[in-house]
Amino acid sequence: MRSSTMSRHRPSRRTVLRIGGALAGAAAGGAVLSGYVSSAEGRTRVRFLQNKPEAVPYFRRLVDRFNAAQSEFFVVHDSTPAPLVPQFVRGTPPDLGCYNYNLETSNFLARGALSDLGKLPEASRIDDRIQDLVGQYARYGSETSVLPYSATAAGVIYNKALFEQADVAVPTTWSELLRACRTFRARGIVPIVQTYKDTWTISQGLFDYVTGSALDVTGFFARLKEQGADAGPGAEVSFGAEFRDAAEKMVALGKYTNRDAASRSYYDGNVAFARGQAAMYLQGPWALGEVEKINPELRLGTFAMPATEDPKDVKVRVNLDLALWVPDASRQPEGARAFLRHLMRQHVMDAYNAEFVGWSTTKNAPPVADERVEGLQPYLDSGRFFQGAGTYLPGAIPHDNYLQKLVTGGSAEAFLNRLDEDWARYAQRNL
Amino acid sequence: MTITDRRAREEDRPASRLRTGLLAVGTLAVLVPLVFAVLMALKTDRQAASGSGFDLPSPLELGNFRTAWELTDFPRAFAVSLLISVVAVAGQLIVSSLAAYAIARNWDRRLFRWSYFYLLAAMFIPFPVVALPQVKLTSMVGLDNPLGVAVLHILFGISFNILLYTAFLRSIPYELEESARIDGCSTWQTFWKLIFPLLAPMNATVGIFAFLMSWNDFMMPSMIIGDPSMQTIPVVQKIFQLKFSSNYNVAFASYLMAMAPTLLAYLFAQRWVMSGVTRGAIK
C-alpha cells in the first residue's frame, strides 16, 4: 500500500531512505519510552483501568499500597477516559477492568471477550442475587466473567424537615404518595423537583422508579428478549400490554412538579432541592454529595417509591456501579487476578462502599451506615431490587427523548407504541 | 482643524456609532465567555455548584489550577498535544502542497486528473466511519501512538488541502516557472525556491486549519493512542465532564491552561492569521 503511493510521486531514493529513517527513529523512540515504563523496577506490568473520576484518588492509593506490598507485579493505574471498544479491537484491552457495568459493557461479556473468574474463591463470596444482575443484561455460557464490586441503590431523596413540617409520613403505597404530593402542594411547597431538560434524569427517576415498583421489570425484559423478533405493538409481550398502568402513573405524578421542570437541568435540580424548594427528588446517592456541597445543613433521607396499593410490591432501583473483569486478551492474567483478589478483600470492599455510599456485593455485607440512604437497606436485605427499565434499552432506542415528550404533554399510548415499534426494529436485527 | 473637516466628521457620526456598536457587541460575544471562564476558575467548589456563573469569586481559590494540573498531568499531555499539532501542521503543509503542485502542473494527464478526484472523494468519508479499521491498522503497523494520530491527521487533511492548493496554484502564472527553468532550476528547486514561497497565504490558511483540527481533536487520539500516558489534552480533560457531579471550577481552570498557548500564539501571529483567513475565504 505504502510503496504504491510512493511510486506515484516518484521521490528520489534518498528521500525514501530519509522518510523510512524518520519513521524507524520515531518507532524506536516510542519503543524505548514504553520499554522504560514496563520495566519499572523489573516487575510484570499490569494495567488497571478505573476511570470513575470521583474514585480515582481512592484507587490510586490502593494501587500504591499493592505495589509496595509485593514485588512480583507492578500495577499501573489507568484513569484515562478513553473508550473501551478501540482497546479491545486493537487487542490491547486493560488487564483488569473496574468499570461501571451496564448494557454497553455487557457486550464484551456477551461476545466472550472476558475470561471466566468463576473458579476464584472471591466469586463464591458474592451474593447470588447481585451476581444475577450481571446475567440480566447478557450471558456467555455458564461463565462468571464479571464480578460485581459495588452496587448503588437509588430511591426518592426527601427533605426530612419539610416532611416533619407538613406532618407527612414516608409513603408506602401509591395513593399515600399522591396524598403526600397534594399536602405539599396545598402548603405551597413543590412536591417533587424534576429536571426534564436532562433526559437521563427522567429515565433514571420517574421511568425506572415507577415501572420498577409497578411491575416485574426483570421478568418483563427476560420474556421480551425470549420472544425475539416477533415483537411489536400487538405482540404477546409488549410495552403496550404491560407498561400502560405505569406510564399513566408517570403522567399523573408529573403533575406534582416544579413549573419550570422542562427547562431545568440536573445541576439546577440539585440547587433547588438543596435550597429546600422541594420536598422530594428522584435521584440516586450520587446527588447527595452535590446537594450537601451547596447546603451541608439539610437533613436528608431516602425511601423507595411505591407504585401500587400493596407495600410488598415496592422495590429499589440498583445498578452495578463498579464491577471487575479480566479480558481474555489480557497479557498479564496472573497479575490481574492477584490485584483483583487484593481489591476483593472484604475490608477493602467495605471501605470503598462506606466512602462512596455504595453497597458491598458480598454475602453478609454490613448494612450502610449513612443515614441518608439507610431507608433502602431493608429492600437490599430482602432482595427486592431491580435494574432500571431504561437501562435495558439500547442506545438505538432513544427512549429518554420519548419520555421527555411524554412528560411535557404527550400521551402514554403514543409513548408505548413508539417503544414497541423501536424494540421490534431492534429485535429483528439483533435477537 | 478646518470647518470642512469637522462637518465631515459630524456627518459620519451615526454610521460610525453604529459600527462601533456592532463591534462592541462582537467583542462582548468573545469576552463574555472568557470572563465567565476566568471567574469560574477562581471559585471554590461550593460557590461553583450553587451560585450563578457571573458572581465574583469569594473567597478566591487559586488551588483549582493546581488540582487541574495534577489531575490531567498537564505538562505531559501538553507536550503530546503539541507534538501532534506540530507534526500534523508541518506534514499537511508539505505533503498537500507537493501533491497539489504535481496535480496542478500535470492537469493534462489523465492519471493526475483522476487522482485529484480520487483524493477529493475522501472528503466524503468522515473519520468515525472508518474509525475501527484505522484502530486495527495503526496498531498492526505500530502507529498506535501520537505519531500515528499526526499521520492520520495529515492523511485526512489531504483532500481539503489539495482543493485549496490546486485552486491557488492555477492563479500562479506558468511563465514564472519557465523563467526559473531557463535559469537552470530542477523541478524540485522550482517548487521549493519559487512555488512554495508563493503559496504563503494558502500555507497560512492550511496551517491554521491543520492546527485547530489537531489541537482540538478528541475522537482520533482517544481511539488511536494505545498508551494512556500518551494522551492529549482534550482527552485527559474529559475527566471533568461528569454526569453526576459538577466541578466546573477545576474544569475551567484546566480549560484556561489549555487555551493559554493558543491565545498567546494568536496574539503574536494575529496579522498573519487574519490575512491567511481572508485569503482562504476569497479562494
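A few notes on this one:
- Identity of the residue in region A:255-278, polar (S, T, N, Q) and within 22 Å of A:A166 (Cα to Cα), that ends up nearest to the other protein chains (Cβ to nearest Cβ): A:N270
- Restricting region A:201-231 to residues that are within 14 Å of chain B (Cβ to nearest Cβ) and within 22 Å of A:V134 (Cβ to Cβ), the residue that is surrounded by the fewest Cβ atoms within 10 Å (Cβ to Cβ) is A:S203.
- Extreme residue, nearest to B:L119 (Cα to Cα), among residues of region B:171-188 that are of a type in the set (D, E, K, R) and surrounded by 12 or more Cβ atoms within 10 Å (Cβ to Cβ): B:E177
- B:A68 being more than 27 Å from B:T205 (Cβ to Cβ) and small (G, A, S): yes
- In summary, helices (runs of 4 or more DSSP H) completely within region A:99-174 and bearing 2 or more residues that are within 11 Å of A:A323 (Cβ to Cβ) occur at A:103-110, A:128-137.
- Of the helices (runs of 4 or more DSSP H) lying entirely inside region B:175-238, the ones with 1 or more residues being farther than 26 Å from B:Q270 by Cα are found at B:219-224, B:233-236.
- Restricted to region A:382-409, and to residues there that are small (G, A, S) and under 14 Å from A:F243 (Cβ atoms), the residue that is surrounded by the most Cβ atoms within 10 Å (Cβ to Cβ) is A:A389.
- Residues (more than 11 Å from every other protein chain (Cβ to nearest Cβ), under 30 Å from B:S245 (Cβ atoms) and among the β-branched types (V, I, T)) located in region A:38-84: A:V46, A:V63, A:V75
- Within region A:312-431, helices (runs of 4 or more DSSP H) holding 2 or more residues that are closer than 24 Å to A:A229 by Cβ, of a type outside the set (S, T, N, Q) and not assigned by TED's automatic domain parsing to the domain that holds A:P93: A:399-407, A:412-430
- Residue in region B:221-231 that is more than 9 Å from chain A (Cβ to nearest Cβ) and at pLDDT 85 or above present: no
The values are calculated or read from the model by the stated rules, or taken from the named source; none is laboratory data. Quick caveat, the model's predicted, so the values are computed rather than measured. All Cβ positions, even for glycine, are placed from backbone atoms using ideal geometry, and neighbour counts span all protein chains on display.
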